[in-house]
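Scroll down for the structure; my scribbles are underneath it.
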Amino acid sequence: MTFKEQILQGIPTELPSPKPYNEQANHAPKRKDILCVEEKQLAVRNALRYFPEEWHAELAREFAHELEEYGRIYMYRFKPDYNMFARPIDAYPAQCKQAAAIMVMIQNNLDPAVAQHPEELITYGGNGAVFQNWAQYLLTMKYLATMTDEQTLHLYSGHPMGLFPSSPSAPRVVVTNGMVIPNYSKPDDWEKFNALGVSQYGQMTAGSFMYIGPQGIVHGTTITVMNAFRKILKKGEETAGKIFLTAGLGGMSGAQPKAGNIASCVSVCAEVNPEAARKRHSQGWVDILIDSMDELIARVKKAQKDKEVVSIAYIGNVVDVWERFYEEGIFVHVGSDQTSLHIPWTGGYYPVDVSFEESNRLIREEPELFKEKVQASLRRHAAAINKHTARGTYFFDYGNAFLLEASRAGADVMAENGVDFRYKSYVQDILGPMCFDYGFGPFRWVCTSGKAKDLDRTDEIAMKVLRDIMEHAPEEIQLQMNDNITWIRDAKQNKLVVGSQARILYADAEGRMKIAKAFNDEVRAGKIGPVVLGRDHHDVSGTDSPYRETSNIYDGSKFTADMAIQNVIGDSFRGATWVSIHNGGGVGWGEVINGGFGMVLDGTQAAEERLRNMLFYDVNNGIARRSWARNSGARFAIEREMRRSPNLKVTLPNLVDNSLLDSLF
Ligand SMILES: NC(=O)c1ccc[n+]([C@@H]2O[C@H](COP(=O)([O-])OP(=O)(O)OC[C@H]3O[C@@H](n4cnc5c(N)ncnc54)[C@H](O)[C@@H]3O)[C@@H](O)[C@H]2O)c1
């Protein structure tokens, strides 16, 4: 059968033979055995819903085995035999271009070169699922291949509920992932619902088909590191030879040295796992690998003296580095941490003075002792950082729960008021006030032709558009614009493409709309193939997450999720090709609601209207909310937008004199 025939077949008409377990693949960890016997029966009954009765006897045994062995039913037997990757859009069988573009994006998220656990349909973050099982994938692809632009496909946590009549201006796909009744949003609820096959953790861009590999993280990290230096350096002072000290060379944290190089500083990343450090080194993401502390000290001093731009991976514990740098009088300009403290007891954080191997033994055999060691290490870790900050280091929390866990361990990290932490997070201090409040966020696009030359052309167009805007940009946003122009100028040479021909570029509403229009014109002129627009959910309006994206909201509303819900509804009727809304993502199940969209630019006039309507709302919704929360940058941005757009009327807050409140209670 050809590729197209296999897609159109959906679930095969004949039962395929069982597949041997793929030993070569990077598999998802065995999930918690959380279901009782009746619930296990229910999970198998649920899985068998996808198949004719005559297959049930054979599949029931197999699915029960998968559930016992892996904690989930993935239906490995139904994984298609063709290679999984983003093909050029014309390779897909389709009745409408929009649906074909969505198939490109789905296959990219499942490409083994892109996905973390491709056999289990996990794209990133350990549990960020595209679908729960292979039957859902097969059915969804068939629906997409046969649907017209008078239909919408509704996906419930990966399950294609079906095609429903709609209209050409409606989204082609509506995705919900992990949405539950709020009282049932504890981590174990996810384990249970996912094991039953009724819910999934979509992370941010996994379950919304918008993952583009590591380049998204590199851009965000670069912006963060550059602006962290700006907080401490005098205007015009160069970053070369100045130190950024941090930890972690894992999934996301591995972007730090690359970002350090782009930000032109000396980055030192401690990593306890030699494998992780070597992997990043062999990929060229970090320049130098050092496993001796004395050697590290000598090399860092040289880099400081010679004003080098270099990234150094130190194989060892970051606490040792903070302590030794203090003793040696090495001044750290910027410090952070990207160990996985959102999962501190299961290997997210390795305690100092315990070897990597011994830690792994303790995790399995003496978890209580391991917890004590982690907490003692966090107290030492924070104490060392405090000594550096007393000397003038700028330290920020990287959204990895470092300050939260350090505080729980009794470390000295609280502010004088006893409520806040003594250091801010990267969103509170940097991304929130400098980017999100002005509407700058991780806009991205994918060239569905699969041609590198199309991506080059879009890079050129985007750079020209930003340069044109820059000529009239107000002072408040010139820095951001300048950084983004530099990013897109150098994007190609930074070699960040993995999988589909994709690009990320932080841009505000004006930038996104003008770039999108210019792309659509280019598609219309036949110079490039159709382009998919999207963004990370980690953006201005898409995500309500009190300790991350909305941590710089101070009017008490940061635990509400109205913004993210308004956003997905608002985008859906303004022209998004697909929309998604997720519970969980980044910081954990129950901790965040995040949403996103995809939009296909096919060169038509209708696409031009859609992009104008939807991109405008997609950014300004969040700016309006941030302005209502009294954020000054957002107030500036929304007032500016209202002057430009007469149909925009946003409620503005009146500010209250503090002295009036002080005397009230
Ligand atoms: N990069 C971003 O944009 C971003 C944004 C928000 C949050 N985060 C957070 O950053 C954290 C890291 O994410 P990740 O995907 O890289 O996780 P990961 O688990 O893949 O990597 C963390 C690394 O830290 C190492 N490590 C643990 N303890 C250490 C210690 N004491 N000293 C030295 N190394 C140590 C581990 O060996 C591991 O390789 C997560 O909590 C994530 O949520 C990152």
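Each reported figure results from applying straightforward, stated rules to the coordinates on display, with no laboratory input. Fair warning: this is a prediction, and the values are worked out from it, not measured in the lab. In this analysis, Cβ positions are derived from the backbone assuming ideal geometry, glycine residues included, and neighbour counts consider all displayed protein chains.
Okay, here's what the table says:
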read-out: Residue exposure sequence - MET463, MET179 - by fewest surrounding Cβ within 10 Å; value: MET179, MET463
read-out: Part-to-part distance (alpha-carbon centres) for the stretch 110-156 and the stretch 437-451, which is given in Å; value: 21
read-out: Dipole magnitude of the stretch 210-310, debye to nearest 20 (Cβ charges: Lys/Arg +1, Asp/Glu -1, about Cα centre); value: 400
read-out: Relative exposure of MET470, MET481, judged by other C-beta atoms within 10 Å (fewest first); value: MET470, MET481
read-out: Relative contact order, percent, the stretch 247-381 [alpha-carbon distance under 8 Å, six or more residues apart]; value: 24
read-out: Relative contact order of the stretch 135-229, pairs being alpha-carbon contacts under 8 Å that are 6 or more residues apart, as %; value: 20
read-out: Computed lengthening from ASP555 to ARG643, 0.36 nm per intervening residue step minus Cα-Cα distance; value: 29.1 nm
read-out: Distance between the stretch 356-404 and the stretch 627-664 - C-alpha centres, whole angstrom; value: 40
read-out: GluC sites (Glu not before Pro) lying in DSSP loop within the stretch 392-478, provided at most 11 other Cβ fall within 10 Å; value: GLU416
read-out: Two-decimal log10 I(q)/I(0) for the stretch 442-483, as the Debye equation yields it once each C-alpha is a single scatterer, q = 0.18, 0.20, 0.21 Å⁻¹; value: -0.61, -0.69, -0.73
read-out: Cβ-based exposure ranking for ASP294, ASP459, ASP429, in which fewest neighbours within 10 Å come first; value: ASP294, ASP459, ASP429
read-out: Principal semi-axes in Å for the stretch 508-622 [√(5λ), Cα gyration tensor, largest first]; value: 29, 13, 11
read-out: In the stretch 71-180, the GluC sites (Glu not before Pro) that fall in loop regions by DSSP, at most 14 other Cβ within 10 Å; value: GLU150
read-out: Cα coordinate range in the chain, projected on the principal axes (Å, largest first); value: 72, 65, 58
read-out: Calculated FRET efficiency for the pair ASP81/ILE181, C-beta based, R₀ 45 Å, to 0.05; value: 0.70
read-out: Neighbour-limited loop hits for trypsin sites (Lys or Arg not before Pro), the stretch 258-347 (at most 16 other Cβ within 10 Å; DSSP other than H, G, I, E, B); value: LYS307
read-out: Value of relative contact order over the chain, rounded to a whole percent, pairs C-alpha under 8 Å and six or more apart; value: 13
read-out: Contour excess over end-to-end distance, with Cα ends at ASP657 and GLU54 and 0.36 nm allotted per residue; value: 209.7 nm
read-out: Net dipole in debye of the chain [+1 Lys, Arg Cβ; -1 Asp, Glu Cβ; about Cα centre; nearest 20]; value: 1420
